[in-house]
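Here the structure is laid out as structure tokens; the discussion comes afterwards.
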Amino acid sequence: MAGAALRDQLSALLSSMFSQGLVDEQFEQLQMLQDEGGTPGFVAEVVTLFCDDAERIIAEIATLLEQPIVSFDKVDAFVHQLKGSSASVGAQKVKFTCMQFRQFCQEKSRDGCLMALAVVRNEFYDLRNKFQTMLQLEQQIQAYDHKQQ
Amino acid sequence: MRLLRLRRRRRPCPRRWRWGVAPKAVDRKVVPVAAAAAAAAADEVSNEVHVLAVDDSSVDRAVIAKILRSSKYRVTTVESATRALELLCLGLVPNVNMIITDYWMPGMTGYELLKRVKESSKLREIPVVIMSSENVPNRISRCLEEGAEDFLLKPVRPSDVSRLCSRIRW
């Protein structure tokens, strides 16, 4: 009973993440790779790498935007990195925000970049919370299944 | 909508792929079980397809490695083209059957790595595949002209890799 309830919760969480556009088909591909390969830790590994990467990049961008003279090329390079890793993990919303962010870099608009940074940060934190909940539920389900055996 | 991958144009000179050579039937001897098991393990390693994956992004390295390993390929990942060349030239990654590399990396780019590999008499037979998150036609044609086996758009999917690997004769 408890196992079924946990599975329902996880399923509902994943559905809402897809329907809200937080994650896209690439994330689904990663889940399939995990399921087909029978390697339970793969999605957790990639998601963790992504979150660490994103956190580091956001901090670097924030520092660059605080400088009296902003190096927009450097900011753009970091946004490009973040866009790349969000695309690879299937973090759709973050990826789209990065695409808009690059526009502001091209236009060399500090205000535009600061606004885009705020949006990307919020979206990333939201996604990270959901990923963390997802991983916790998966661990609970695994623990429950293990106990049943 | 997925963008079409461009195929490499046929070059005038034929390319021959040299892969790990399988033992001939005449070389197989009858050996005790333990020795046979050890020999089988060694054969497995030397006949396995070995891919060197180069990408500065830890996320992308994890994804490409997983996709390749799920097709039973052996994968060595490195985070820079410079490191990849070092390993290849020093013979620290034996029997590499394919190199798959990101295009844009700090320091040496994947394009530069491609050129160095194709210029080297020791390495030039190894097929090199370029990956990029940007669909830039000039970039793609330059890589193909320089001898890249293929050019994949990121994010790379398992279907991209299986289509690619089914074309290459291991």
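Some points to look at:
- Pairs are defined by a Cβ separation below 9 Å, a sequence spacing of at least 6 or placement on different chains, a first member in the stretch B:100-111 that is over 14 Å from B:Arg139 (Cα atoms) and modelled with pLDDT of 95 or more, and a second member that is part of a loop (DSSP other than H, G, I, E, B) and aliphatic (A, V, I, L, M); the pairs so defined are B:Ile100/B:Val156.
- For first residues located in the stretch B:131-145 and under 12 Å from B:Asp102 (Cβ atoms), partners that are exposed (fewer than 11 other Cβ atoms within 10 Å of the Cβ) and at pLDDT 95 or above and lie 6+ apart or on another chain with Cβ distances below 6 Å do not occur.
- For the stretch A:1-38, taking the residues that are outside any helix (DSSP H, G or I) and among the hydrophobic types (A, V, I, L, M, F, W, C), the one that is surrounded by the most Cβ atoms within 10 Å (Cβ to Cβ) is identified as A:Val23.
- Note on the stretch A:58-96: among residues that are more than 14 Å from every other protein chain (Cβ to nearest Cβ) and assigned to a loop (DSSP other than H, G, I, E, B), the one that is surrounded by the most Cβ atoms within 10 Å (Cβ to Cβ) is A:Val70.
- If the condition is being at pLDDT 95 or above and more than 7 Å from chain B (Cβ to nearest Cβ), then the stretch A:33-54 contributes A:Val43, A:Ala44, A:Val47, A:Thr48, A:Cys51, A:Asp52, A:Ala54.
- Across the stretch B:157-165, a minimum of one residue is classified as assigned to a loop (DSSP other than H, G, I, E, B) and either within 19 Å of B:Lys66 (Cα to Cα) or not hydrophobic (A, V, I, L, M, F, W, C) (or both).
- Filter result (under 25 Å from B:Ser58 (Cβ atoms) and at pLDDT 95 or above) within the stretch B:133-148: B:Cys143, B:Ala148
- Within the stretch B:100-135, the residues that satisfy the criterion of being under 22 Å from B:Arg74 (Cα atoms) and surrounded by fewer than 16 Cβ atoms within 10 Å (Cβ to Cβ) are B:Lys122, B:Arg124, B:Glu125.
- Any hit, the stretch A:97-119, residues being within 23 Å of B:Leu152 (Cα to Cα), without any contact (Cβ under 8 Å) to a residue 60 or more places away in the chain, under 14 Å from the mean Cα position of the chain (by Cα) and within 14 Å of chain B (Cβ to nearest Cβ): yes
The values are calculated or read from the model by the stated rules, or taken from the named source; none is laboratory data. All values reported here derive from a predicted model rather than from experimental measurement. All Cβ positions, glycine included, derive from the backbone under ideal geometry; neighbour counts span all protein chains shown.
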